[in-house]
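Have a look at the structure below, then the notes.
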Amino acid sequence: MLLNSEHADQRGYLREPMRLFHLNNCESEAIPYHYHEFHKIILFLSGTLSYRVEGRSYELTPEDLLLVPAHAIHQPIIGTAPYERIILWMQPEQLETRGLDECFRLCREENSFLLHRSQYDKAHLLPLLQELEQGRSDTGFGAELLSETIFLQLMVYLNRSVQRRFRTDATEDPARSDPKIDEILNYINADLTRDLSVNALAARFYLSRSWLMHRFKSITGCPIHQYVLQKRLILAAQLLRRGESVGDAARQSGFSDYSSFLRSFRKAYGLSPREFH
């Protein structure tokens, strides 16, 4: 299901532990800002592509790796020519149970999502991605087990690369960003139960309301009130999955008006919180 147009789209659904795509095309329409319930990595191979991830904007060059954690609001900005990429979707639970989600956690903590081709071990990672791709057509004995083994090797090397990147190049991030918007994003995500209206944020950061609204959207690609609403809805859905009551999920995710929460949740997910629960 796609979310209502007032919200960020939840694009794509992953039923299996992982899924790989190798695409070389040109999108006919602009892709709106959106999020996924799963983790995603993108190996950019050719073409023209920039990416916004949680207020950071990256101009990708061939063999760059972009890591997009689950629930991160992001948007590709695509040129007019075809662009080639390998995309790998991964279930968060599959990585967590094996302790292989550290790379995505670090990217979130550091608010930095790109591994430049000089910042990871291509001799290990690229062949593993290629083997994983070739394995999609393997129907021989042990094909599923072999594919899982390759995937685990890939994730071990990816985690090592991300750890090394933040240990040795912590201050080098090629993203375009705005320090003030970064500060506001951190403030929003630190506590969704606060008053996060445009007026409250403008007062908190000593900004004009009009400047804040314009600048936030130009940096993130997302209007500020929609960003806050989407983050609250994502948190509410997570709380419901953990067994929280509908009322507690609404309060803990920052909804002060229960009726508004019910309407927004149904618009976003196509179900009432109780049905979703």
_Angle in degrees between helix 258-269 and the longest Cα principal axis of the chain, rounded to the nearest 10_ = 30
*Overall dimensions of the range 66-219 by Cα: Rg and Dmax, Å*: 19.4, 64
_Convex hull volume of the range 39-120 per residue (C-alpha atoms, cubic angstrom)_ = 88
_Overall form of the range 123-184 per C-alpha gyration tensor (a/c, 1.5; a/b vs b/c)_ = prolate
*So for the range 128-277, Kirkwood radius off the Cα pairs, Stokes-Einstein at 37 °C and 0.692 mPa s: how many µm² s⁻¹?*
172
_Peptide ranges 104-110, 199-205, 139-145 listed from the most packed, as the mean C-beta count within 10 angstrom indicates_ = 104-110, 199-205, 139-145
*Of all the accessible heavy-atom surface of the chain, with the other protein chains kept in place and a 1.4 Å probe, what percent is carbon and sulfur?*
49
*Per residue of the range 219-228, in order, report the coupling 6.51 cos²θ - 1.76 cosθ + 1.60 (Karplus, θ = phi - 60°) as ³J(HN,Hα) in whole Hz, putting x for Gly and Pro.*
7, 8, x, 9, x, 4, 5, 6, 4, 4
*Add -39500 (n - 2.57) for each DSSP H run of 4 or more in the chain, then divide by its residues: what number comes out at 222 nm, to the nearest 500 deg cm²/dmol?*
-14000 deg cm²/dmol
*Let me know the Kirkwood hydrodynamic radius for the range 207-277, please, with Cα pairs as the basis and the value in Å to one decimal.*
12.9
_Quick check on the chain: of the DSSP beta bridges with both residues there, what percent are antiparallel, nearest 5%?_
95
_Can you return the lysines within cross-link range of Lys217? Criterion is Cα-Cα under 26 Å, with same-chain partners fewer than 8 residues away left out._
Lys40, Lys180, Lys231, Lys267
_So, for the range 109-211, what is the accessible surface per residue at a probe of 1.4 Å, expressed in square angstrom?_
59
_Rg and Dmax [Cα atoms of the range 1-144; Å; Rg one decimal, Dmax integer]_ = 15.3, 48
*Taking N as the number of residues in the chain, what is its Cα Rg relative to 2.2 N^0.38 Å?*
1.04
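The values are calculated or read from the model by the stated rules, or taken from the named source; none is laboratory data. Just so we're clear, the structure is a prediction, and the values are computed from it rather than from any experiment. Cβ atoms come from the backbone with ideal geometry, glycine included; neighbour counts cover every protein chain shown. Note: areas computed on protein heavy atoms with side chains; ligands, DNA, RNA excluded. Shrake-Rupley method; radii C 1.70, N 1.55, O 1.52, S 1.80 Å.
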